[in-house]
Amino acid sequence: MTLHLVHLYPDEMNTYGDRGNRLTLLQRARWRGLDPVVHFVGIGDDFPEETDLVLGGGGQDSAQADIQADVLRKGDRLHQLVRDGVPMLMVCGTYQLLGRRFRTHEGEEIAGIGVFDVETIGGDRRLIGNAAVQTEAFGTLYGFENHSGRTRLGADQQPLGRVLRGNGNNGEDGTEGARTGNAIGTYLHGPLLPANPVLADALLSLALARRGEPAQLEPIDEPLVERSRAEAATRAY
Ligand code: GLN
């Protein structure tokens, strides 16, 4: 079965190895006998007709300003995909732009599209380090955060999880990321998915379920991943 993966803004939003998320999904899909196809969707590009999963990475404030107008143009389509239950993983810079607004630490206003009911204000000190996040749906997630933005959730916005180590959304309220339907926003780089295969497989399962396909994926025995997770569990911030 062909699975259509959209990688948004691969040229502009590509910090801290976020493309590893794409590689992980591709490999894990192939291991399950699926036929994943990647569509790179940048500034001015249209979405493919069929979209099963959407990925976005992090980027500099300046890169976010560069893609802003295009994000706004794609806003209706992205909202539609979220309403249709398409799973998404939006990391850091794209998480912020799928929120309502981002004011950079230099005071530049970047409007977002409000898939996530969050607002982000840049601070003077960057929040940098190894983070661990407890989630109900995906267990403990390990990643690396590096952002100046402090993100606040709207009253009804569900977070992705609770911070066990690190700063998460803002370093104050203990929340990390956001979840709207099957769309996930997070500050976790690393890249995130190689170290957190439960989340990778959950995204694939959601994509399959939406297509009406059996979505129970056989677990894969991965001693190396287990070792890296054990190591991540003990890592200092
Ligand atoms: N420029 C944003 C910030 O610093 C996002 C950074 C990132 O994507 N790593 O908050």
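Give the peptides 107-115, 167-175, 37-45, 88-96 in descending order of average Cβ contacts within 10 Å, highest first. Mind dumping the intermediate values first?
Details: 107-115: 16.9, 167-175: 19.3, 37-45: 14.8, 88-96: 28.7.
For the peptides 107-115, 167-175, 37-45, 88-96, the packing ranking is 88-96, 167-175, 107-115, 37-45.
What net charge do the residues around C92 carry, taking every other residue with its C-beta under 10 Å from that of C92, with Lys and Arg at +1 and Asp and Glu at -1? Walk me through the numbers on the way to the answer.
Details: positive: none; negative: D18, E145.
So the environment of C92 carries a net charge of -2.
Which Rg and Dmax, in Å, describe the Cα atoms of the stretch 22-133?
15.4, 48
So, counting K/R as plus one and D/E as minus one, what does the shell of residues with Cβ under 11 Å around L193 add up to? Provide the component values of the computation, followed by the final result.
Numbers: positive: R19, R22, R28; negative: D18, D201.
Every neighbour counted, the sum reads +1.
Arranged from highest to lowest average of other beta-carbon atoms within 10 Å per residue, in what order do the peptides 180-188, 66-74 appear?
Details: 180-188: 25.1, 66-74: 17.0.
Averaged packing, sorted descending, gives the order 180-188, 66-74.
For the stretch 83-189, what does the relative contact order come out to in percent, with C-alpha contacts under 8 Å and a separation of six or more? Walk me through the numbers on the way to the answer.
Details: 276 pairs, mean separation 31.3, N = 107.
Relative contact order here is 29 percent.
Restricting things to alpha carbons, tell me how big the stretch 67-121 is in terms of Rg and Dmax, in Å.
Every Cα atom of the stretch 67-121 included, Rg and Dmax give 11.0, 36 Å.
Extending each Cα 7 Å along its Cβ direction at M1 and E226, get the distance between those two points in nm, one decimal.
2.9 nm
Rounded to the nearest 500 deg cm²/dmol, what is the calculated helix-only ellipticity per residue at 222 nm for the chain, with -39500 (n - 2.57) per DSSP H run of length n ≥ 4?
Values: 7 runs with 70 residues, N = 237.
Helix-only estimate at 222 nm: -8500 deg cm²/dmol.
From the C-alpha coordinates alone, can you work out the Kirkwood hydrodynamic radius of the chain, in Å?
Details: mean 1/r = 0.0569 Å⁻¹.
After inverting the mean inverse Cα-Cα distance, the result is 17.6 Å.
Pick out which of L217, L206, L193 has the largest mean-square fluctuation in a Gaussian network model of the chain, springs linking Cα atoms closer than 10 Å.
L217
Read-outs: derived from the displayed coordinates by stated rules, not from any lab. Note that the structure is a prediction, hence the values are computed from the model and not measured. Methodologically, a virtual Cβ is constructed for each residue, glycine included, from the backbone with ideal geometry; neighbour enumeration extends over all protein chains shown.
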